[in-house]
1. With a 1.4 Å probe and every protein chain left in place, work out the accessible area per residue of the stretch A:2-61 in Å², rounded to a whole number.
2. Between 0 and 90 degrees, rounded to the nearest ten: what's the tilt of helix A:42-51 against the longest Cα principal axis of chain A?
3. With N set to the number of residues, divide the alpha-carbon radius of gyration of the protein assembly as shown by 2.2 N^0.38 Å and report two decimals.
4. Rounded to whole Å, how close does chain A get to the rotation axis onto B by Cβ? Give me the residue too, please?
5. Using a simple spin-label model with points 7 Å from Cα along the Cα→Cβ vector, what separation in nm is obtained for B:Asp17 and A:Ser32?
6. Relative contact order (percent) for chain A, with alpha-carbon contacts under 8 angstrom and 6 or more residues of separation?
7. Using the Kirkwood radius built from alpha carbon pairs, what does the Stokes-Einstein equation give as D for the stretch B:10-55 at 4 °C and 1.567 mPa s, in µm² per second?
8. Show me the trypsin sites (Lys or Arg not before Pro) within the stretch A:4-34 that DSSP assigns to loop and that have at most 11 other Cβ atoms within 10 Å of their Cβ.
Number of protein chains: 2
Amino acid sequence: MKNIVSQYRKQQGYSQDKLAELLGVSRQTIISIEKGKYNPSLPLAMMIANVFQTTVESMFTLEADDYK
Amino acid sequence: MKNIVSQYRKQQGYSQDKLAELLGVSRQTIISIEKGKYNPSLPLAMMIANVFQTTVESMFTLEADDYK
DNA sequence: GTATAATGTAAAATGAACTTTACGTAAAGA
DNA sequence: TCTTTACGTAAAGTTCATTTTACATTATAC
């Protein structure tokens, strides 16, 4: 999985802290998602897309090796 | 989270077993998702949407109480 | 040059997603 | 009636998503 969360976040001028707060998650969660350490849960992914008024598919892209 | 996976699946004439096989997951996983026992991971949700040639957003919908 | 803000790392703990196995039920057909 | 197909439940185990805490780095700004 790739994602462009940090691009959207910076476009909006949000810090990681601010985004975490908007989403109701910890800052660690944002860092880990942006750095690709793990994938967000589905509801979190949808909330991230919502915050930036876009779709899950335009924010996150599947890669060959993510079968799960 | 609500989802309409079983509707799409039946429209395509797939059994739960067949869908599980197409996705590379167990039948239990399909049952549990359809019954709302838990949410799929993000990559799995995207693969489900792909199989039915639709989007994550049209397959899964956030509800008030899913903040994560 | 010291405070502050933003980003990062690491590790331990919890809960959720997923697998495997095994068993139960119901319908459909030969 | 026996077999097969589809759907469901339950429980134990593994891995992954998320939190919390604590500390490190870098840049800016005063």
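The values are calculated or read from the model by the stated rules, or taken from the named source; none is laboratory data. Bear in mind the structure is a predicted one, so any value in this text is a computation, not a measurement. A quick note on method: Cβ atoms are made from the backbone with ideal geometry, for glycine too, and the neighbour counts reach across all protein chains shown. What goes into the accessible areas is simple: the full protein's heavy atoms, side chains included, and nothing from ligands, DNA or RNA. Shrake-Rupley method; radii C 1.70, N 1.55, O 1.52, S 1.80 Å.
1. 54
2. Roughly 50 degrees between the two axes.
3. Numbers: Rg = 15.2 Å, N = 136, 2.2 N^0.38 = 14.2 Å.
Ratio of Rg to 2.2 N^0.38 Å for the protein assembly as shown: 1.07.
4. A:Val56, 2
5. 3.7
6. Relative contact order for chain A comes out at 44 percent.
7. For the chosen part, D equals 121 µm²/s.
8. Working: sites: A:Arg9, A:Lys10, A:Lys18, A:Arg27; in loops: none.
Hits after loop and neighbour filter: nothing returned.
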